[in-house]
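First the structure, in the form of structure tokens, and then the observations on it.
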Amino acid sequence: MVDAIKSVLIYCDEQMGQLIVNLNASMPTSERFIVRVLDSTHILVLPHAEGMIKRRIQVFSKHNTYVKPQ
């Protein structure tokens, strides 16, 4: 018998993929959201985690963007 899990495919660069994997690892076991890491740029996640991942990446990008001093 085949088991099926509804999931969302996230396509990203390697650095964001590592960020997502580390974010997943920092969560308690019951709240982890990665279904499968296909390769360094493709990750299957549970659908409810998609919005949370987008918000975390936006915060991460905002804090790690160079702004030229005036």
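Partners of Lys6 within straight-line reach, counting lysines whose Cα lies under 21 Å from its Cα and excluding those fewer than 8 residues away in the same chain: Lys54.
Against the main long axis of the alpha-carbon atoms of the chain, helix 14-26 sits at an angle near 70°. Between 0 and 90 degrees, rounded to the nearest ten: what's the tilt of helix 50-63 against the longest Cα principal axis of the chain? Result, in degrees: 20.
Each value in this text was obtained by applying a stated rule to the coordinates, not by laboratory testing. Keep in mind that this is a model prediction, so the values were computed, not measured.
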